[in-house]
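Participant: Okay, handing you the structure first.
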Amino acid sequence: MIFMVKQKTKPVPGDQDQLDTVKDLILYNDDKNTFDFVIEALIEVCEHDIYQAETCTLIAHHRGKCPVRSGAFIELKPMFDEMGRRGLTVEIT
């Protein structure tokens, strides 16, 4: 006798899925960096224009956090590293 069993399996997200999905680089408010310093970092690291950098800085200040860039993890990781090196609190979600 032969029995056929149909198995249900959940796909396991692999490294490629994490690299391909759209992520956000989140900037958190802190009490140690000046507005000018954060604005300058957003312009240099995230390639924001002055208006976008000022807006993100104000949003982070008033709401506690602000998404400053979206993209694949592999694109955001160097920005995350540099923002962290500059003493800014950031996260990739």
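Participant: Mind sorting Leu25, Leu58 by how few other Cβ atoms lie within 10 Å of their own Cβ, fewest first?
Facilitator: Placing the least packed residue first, the sequence is Leu58, Leu25.
Participant: If you don't mind, there's one more thing I want to ask. Please list, in chain and number order, the residues 5+ apart from Thr89 or on another chain whose amide H is under 5 Å from its amide H, with Hs placed from the backbone.
Facilitator: Tyr28
Participant: For His48, what residues show an amide H to amide H distance below 5 Å, using hydrogens built from the backbone and excluding near sequence neighbours?
Facilitator: Amide H neighbours of His48, under 5 Å, 5+ apart: Ile43.
Read-outs throughout are calculated quantities, based only on the coordinates presented, and are distinct from any laboratory measurement. These numbers were taken from a predicted model, which means no experiment stands behind them. Note: ideal-geometry Cβ built from the backbone for every residue, glycine included; neighbour counts use all protein chains shown.
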